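These notes concern the structure reproduced below.
No lab work stands behind these numbers, since they all come straight from the coordinates. These numbers come from a predicted model, not from an experiment. When we count neighbours, we look across all protein chains shown, and the Cβ atoms used for this are built from the backbone with ideal geometry, even at glycine.
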Amino acid sequence: MDDHLVGVLSNIGMISFIALSAYLLLIVGEISFGQQAFFAISAYASGIATAMWGWDFWPGLAWGTAVAAAAAVLVGIPTLRIRGLYFSIATLAFAEMVRLVFEVFKYQVEIDGEMVGPDGSDGFRDIRYIFENDITAVEYMLMIYGLLAAVLCAFFLLERSRLGSIFRMIGQDPVLAEMQGIDVTAYKILALGLAGLVAGIGGGLYAHLTTFVEPKIFNVMLGVHSLAYGLIGGLGTAFGPLIGVAIDIGFLESIRAISGYRMIAFGGLVAVLLIFRPRGLLDEAAVNWIRLRLRRRHA
Amino acid sequence: MVSRAFACLVLASTIAWTGVPAAAERAKAQVVCTPADRKLVYECEIMLMGRKSGAPLEGAKLVVGADMPSMPLAHNVKPVTASPGGKPGMYTATIELEMHGEWALRLDVAGPTRDRLIHKIHFGASKGSSTDQGGRTNQMKK
């Protein structure tokens, strides 16, 4: 397979995690501009584990993901008592705070005569696990998609469970959910923790694929994109954000001929989509229609 | 529900992977990029060598790509395969940027060793020098 195609597909897979993370919060009715923070925390934490502490990839990824999820819960406890726009601003402020912390975060150790580790604004180089262990680009892409399939399975199970119904209920009407005896804040904190975990998986994978992370990568643009994926692809199913990612990265790749104007064309496409499909391509109505058709076919 | 959960478990368990350590010497590079005749097009000369031995790395397949760290995934350069240059370890590649600013040049080395080197270079319309705060030798000649 062509190296460039493998790179593009790997990017689509990796970014799908942060898109799913933002989607989970959209389901519970919260708009987060800060999912890139958890992506970044896991990228650094898992990179430190494998490149500096010599951990294996899977424990390193699990560690990064756990740290991201814990950070999300810690952020959720004070911020989820505020709602709507205030919550969105709070998540944005947190993400910027995380980025600025990484701008000054220096922690390096000497490995084989080279200094390895986060070096403030210069970033964190040499997260070389996949090169040291001779994992090819195709193998790593398959690992990304294997994990993505597992996360998607978890999403589908969640959406058919009582917890998923509670999340949707809170997203539709939190006051009504509270009147039904549901602890809205507790469930939102749980959703934020799970969203941090999902973003964390993507962050760990990203760091090991690129071998290099720096604070600038995790700026607000990544957060806005992650939110846009759900809004473009649709909020009716977990496939929605994935469609959003495929449209974003796929569309940008397909119009390389107009290189300098690609983002303008993309912005226009997003605007048109949101005018005609305000809840995305695969919104709840579209998903229900597809389910009905499938049931009729099987009946 | 149970069958779906089982299918998910099976899928997750197939993901586990164990790697085989590679022993080849790591690479390092010196990069010099010069503006070409066309706007935003740069000719890059890349000197590849062994990180410890300093010996020129010949016969490598070098693929050069670039990403703009401040705009992740939005602005990147389609990777190009570098051609061997005039002397041992020297490779040249032409890259076309989308805009000026700081770019992270991604050098994927295959052949005698497999490595990925990242070099941050500031490509400016008026600036004649570049920076890589990691201490690598990178230049953008005017």
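Quick look at the values:
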| read-out | value |
| --- | --- |
| Alpha carbon centroid spacing (whole Å) that separates the range A:15-69 from the range A:215-250 | 15 |
| Candidates A:Thr136, A:Thr79, A:Thr210, ranked by Gaussian network fluctuation over chain A, Cα under 10 Å, top entry | A:Thr136 |
| Theoretical FRET efficiency, 1/(1+(r/R0)^6), r = Cβ-Cβ of B:Lys87 and A:Val101, R0 45 Å, to 0.05 | 0.50 |
| Nonlocal amide H pairs with A:Phe124, under 5 Å, H built at 1.01 Å | A:Asp119, A:Val213, A:Glu214 |
| Test item: B:75-82 mean partner chain Cβ contacts at 10 Å | 3 |
| Label-to-label distance, nm, for residues given as B:Ser70 and A:Leu269 (7 Å Cα→Cβ offset) | 2.5 |
| Label zone at A:Ile255 (point 7 Å along Cα-to-Cβ), backbone N below 15 Å, the range B:54-97 | B:74-76 |
| For A:Leu235, net neighbour charge (Lys/Arg +1, Asp/Glu -1) across residues whose Cβ lies under 9 Å away | -1 |
| By average C-beta atoms within 10 angstrom, highest first, the peptides A:9-15, B:43-49, A:272-278 | A:9-15, B:43-49, A:272-278 |
| At most 12 other Cβ within 10 Å, DSSP loop - trypsin sites (Lys or Arg not before Pro), the range A:112-181 | A:Arg160 |
| Label point distance in nm, A:Leu292-A:Gln172, each placed 7 Å from Cα along Cα→Cβ | 1.6 |
| Other protein chain Cβ atoms within 10 Å, averaged over every residue that makes up A:121-132 | 4 |
| Point-to-point label distance, A:Leu85-B:Thr94, nm (Cα→Cβ direction, 7 Å offset) | 5.2 |
| Nearest-0.05 FRET efficiency for A:Glu110 and A:Val138, computed from C-beta distance (R0 30 Å) | 0.35 |
| Placed amide H near A:Ile111: partners under 5 Å, 5+ positions off or other chain | A:Val116 |
| Order of B:Thr81, A:Thr65 under a 10 Å beta carbon neighbour criterion, fewest first | B:Thr81, A:Thr65 |
| Residue with peak Gaussian network fluctuation, chain A [Cα springs, cutoff 10 Å], from A:Gln108, A:Gln180, A:Gln35 | A:Gln180 |
| Shielding by other protein chains, A:141-148, mean Cβ within 10 Å | 2 |
| GNM result for chain A, Cα springs below 10 Å: residue of A:Leu209, A:Leu269, A:Leu147 fluctuating most strongly | A:Leu269 |
| Spin-label zone in the range A:233-269 - amide nitrogen under 14 Å from a point set 7 Å from the Cα of A:Ala285 along the C-beta vector | A:235-236 |
| Neighbourhood charge, 12 Å Cβ-Cβ cut-off, centred on B:Val64 and excluding it, Lys, Arg +1 and Asp, Glu -1 | -2 |
| Chain A: DSSP helices with Cα axial extent of at least 30 Å and average Kyte-Doolittle hydropathy no lower than 1.0 | A:3-27, A:57-79, A:137-159, A:184-210 |
| Relative contact order (percent, whole number), chain A, Cα cutoff 8 Å, 6+ residue spacing | 31 |
